[in-house]
Amino acid sequence: MKRVIILAAIVGALLGWFLESMEVGADDRRYLRQTSCSGYECSPPPLLPQQEALIDTGVWFWEYRQDQGVPSLHAPIQAALDDFAFETGLLALEAPGGNLQVARSSSTFYYGDGFSPGCPGAVGCLNRYPTSLQIWYDAPVMATYFFRSQVQVALHEGAHAIADAGEMYVHTGGRISCDGKSWTFMSCGIGTSLFFTAFDRVTVSRYLLPQSFTGGVLVGDAVVYGTSDSRTTRIAVYYETYTGFRFWTGQTLPVVSGVSVERLALPLGRCTGVLLGSENALPISWGRDLQLIGWSSCE
Ligand SMILES: [Zn+2]
């Protein structure tokens, strides 16, 4: 009898594993709005207007609201935005008119409020995405979580809003099946990462930062350069002295479509290298992947 029970348990576990492995892959994708391919290695979709403003200014505006009588989620939301600030250099400013983060009662969260639909089966959601980046939380349920788990929910929802990060668990067909992936906060359930991971950093940087070099060449004291990708808002000019010291010259070149010529603003001494950096207003894009386009004569 005991053997039968053990055998049944093994079969049950194998069947459970089999069913689970069939489910995995249904939703796992890097970006929510990616259409060109499925999986992790897709090119990111176009920026939404609020995200365009983020790479233009470096500022992410947010506004907090809560229903009457529910526990506050202001502190974990603030902590999650602090993590985004640390990772990308963005400035998270709490101001009226910013992207809404709302701590709702469980019934409003479930059924909606007449303007926005509810989010049954979840604890947080962007219920009008991509029209709006507002985030709703089920505040009474989240109040039962320990603090870092609340931050994880705010990181997960925040990454949807800031970087179009895709779900890393099963959520199609009205089903939510958390699989607790330890290598991303875009999963859910016990075991999911409570912090930024290498995978999450790539998701965010691939979405918000320049991914390609404009191409350029130094001709005398002029720079000839070409078209940039959609995440580049300016080309920064750096010099490198013959001793290897690199510094930003204070000059940025405008992004153009086609080929443009700009004169160097800082007099170019002898034996000096000129480098270009594709940048936007997010500090992590600064001084990164600089491309050497030529040297002045050492004569
Ligand atoms: Zn999600």
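The values are calculated or read from the model by the stated rules, or taken from the named source; none is laboratory data. Keep in mind the model is a prediction, meaning the values are calculated, not measured. Ideal geometry is used to build each Cβ from the backbone, glycine not excepted, and the neighbour counts take in all protein chains shown.
Please go through the stretch 128-138 and give me each residue that is within 11 Å of the ligand (Cβ to nearest atom) and touching a Cys at 6+ places or on another chain (Cβ under 9 Å), ordered by number.
I135
For V153, are the conditions met, namely being away from the ligand (no atom under 16 Å from the Cβ), within 20 Å of T88 (Cβ to Cβ) and in a helix (DSSP H, G or I)?
Details: away from the ligand (no atom under 16 Å from the Cβ): no; within 20 Å of T88 (Cβ to Cβ): yes; in a helix (DSSP H, G or I): yes.
Criteria not met by V153.
Of (1) buried (at least 24 other Cβ atoms within 10 Å of the Cβ); (2) of a type in the set (V, I, T); (3) more than 12 Å from the ligand (Cβ to nearest atom), V141 satisfies all except one. Which?
The one condition V141 does not meet is (1).
Yes or no: Q66 surrounded by 14 or more Cβ atoms within 10 Å (Cβ to Cβ), closer than 21 Å to Q50 by Cβ and among the polar types (S, T, N, Q)?
For Q66, the condition - surrounded by 14 or more Cβ atoms within 10 Å (Cβ to Cβ), closer than 21 Å to Q50 by Cβ and among the polar types (S, T, N, Q) - is not met.
Residues in the stretch 237-256: is at least one buried (at least 16 other Cβ atoms within 10 Å of the Cβ) and not in a strand (DSSP E or B)?
Yes, there is a match, as at least one residue in the stretch 237-256 is buried (at least 16 other Cβ atoms within 10 Å of the Cβ) and not in a strand (DSSP E or B).
Right, S72: out of contact with any Lys or Arg (no Cβ under 9 Å at 6 or more places or on another chain), assigned by TED's automatic domain parsing to the domain that holds L126 and surrounded by fewer than 16 Cβ atoms within 10 Å (Cβ to Cβ) or not?
yes
Just checking, does the stretch 105-123 include any residue being within 16 Å of the ligand (Cβ to nearest atom), in contact with a Ser or Thr (Cβ under 9 Å, 6 or more places away or on another chain) and under 26 Å from I190 (Cβ atoms)?
Yes - at least one qualifying residue is present in the stretch 105-123.
Within the stretch 216-235, track down each residue that is more than 25 Å from P45 (Cα to Cα) and of a type in the set (A, V, I, L, M, F, W, C).
Within the stretch 216-235, V217, L218, V219, A222, V223, V224 meet the criteria.
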